[in-house]
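Presented below is the structure to which this report refers.
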Amino acid sequence: MNYFNPAFSWYESLFGPTDLQKTLSAFPIVLQGSGANAFTPMGGLDNTWIQGRRASRVRQLKQELRGRMHDPVPQTGKWLKSVVQGYFNYYAVPGNLDSLSVFRHRALVFWWHSIRRRSQKRRINWTRMLVLAKRWLPPPQTLHPFPDTRFAASHPR
C-alpha cells in the first residue's frame, strides 16, 4: 500500500497544512515513513506491479501492438509469443510467477485493445481472447532453478 505523508519536506514547503494534527486525523490510513522512505514500491509490498525496465518494456509492447493493429491475428500472435517467451526466458526465476502472470495478462489486454480498435464493430469478446491466449501465449512457468540446484549440477562436490 502506498502511504501518503503530508509532512513530506518538499510537499510541506509548498502545500503544507496549517494544523498537522488535524490533517493527520483526517486520513483513515496509517501514515508511515518520512523523507525518501515515505512511499513503498508501486503495487504494494508484494511487488506484483511491473516496475523499472520491465515497465518500459510494457510501454514499448503497447506501442508496437498499436502499430501491428491491422496485421493478421496469426502473425501478431506469433510475434507476441516470441516477445512473451523472451520475457519469460529472462525473468522466469523462482518466486517471480506473479510478475510473469501480470506481464502476460497486460500483453493480452493490449492485444485485445488493438484488435477491438481495428473496426467499429466490436465483435471479439474476452472469451475469444482467452482462446487466442491459450493458442499463442505461453503460460508463465519457472524456467530457471534455484541457484543452489543450478550450481550443484555444474560444480558437484
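Table: residues versus (1) at pLDDT below 85; (2) under 16 Å from the mean Cα position of the chain (by Cα).
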{"position": "Phe8", "(1), (2)": "yes, no"}
{"position": "Pro28", "(1), (2)": "yes, no"}
{"position": "Ala38", "(1), (2)": "yes, no"}
{"position": "Asn47", "(1), (2)": "yes, yes"}
{"position": "Gln51", "(1), (2)": "yes, yes"}
{"position": "Thr76", "(1), (2)": "no, no"}
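Step by step: first the residues of region 126-142, then only those that are under 16 Å from Trp112 (Cα atoms), exposed (fewer than 12 other Cβ atoms within 10 Å of the Cβ) and not hydrophobic (A, V, I, L, M, F, W, C), then the one that is nearest to the chain's Cα centre (by Cα). Which residue is that?
Lys134
Say we look at region 78-111 and pick out the residues that are under 13 Å from the mean Cα position of the chain (by Cα) and among the polar types (S, T, N, Q); which of these is nearest to Thr149 (Cα to Cα)?
Within region 78-111, the match that is nearest to Thr149 (Cα to Cα) is Asn96.
Yes/no per residue for (1) modelled with pLDDT of 90 or more; (2) part of a helix (DSSP H, G or I); (3) aliphatic (A, V, I, L, M); (4) farther than 28 Å from Asp71 by Cβ:
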site: Arg106; (1), (2), (3), (4): yes, yes, no, no
site: Phe110; (1), (2), (3), (4): yes, yes, no, no
site: His113; (1), (2), (3), (4): yes, yes, no, no
site: Lys121; (1), (2), (3), (4): no, no, no, no
site: Met129; (1), (2), (3), (4): yes, yes, yes, no
site: Pro139; (1), (2), (3), (4): yes, no, no, no
site: His144; (1), (2), (3), (4): no, no, no, yes
site: Arg150; (1), (2), (3), (4): no, yes, no, yes
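The values are calculated or read from the model by the stated rules, or taken from the named source; none is laboratory data. All values derive from a computational prediction rather than experimental measurement. We place every Cβ from the backbone using ideal geometry, glycine too, and count neighbours over all the protein chains shown.
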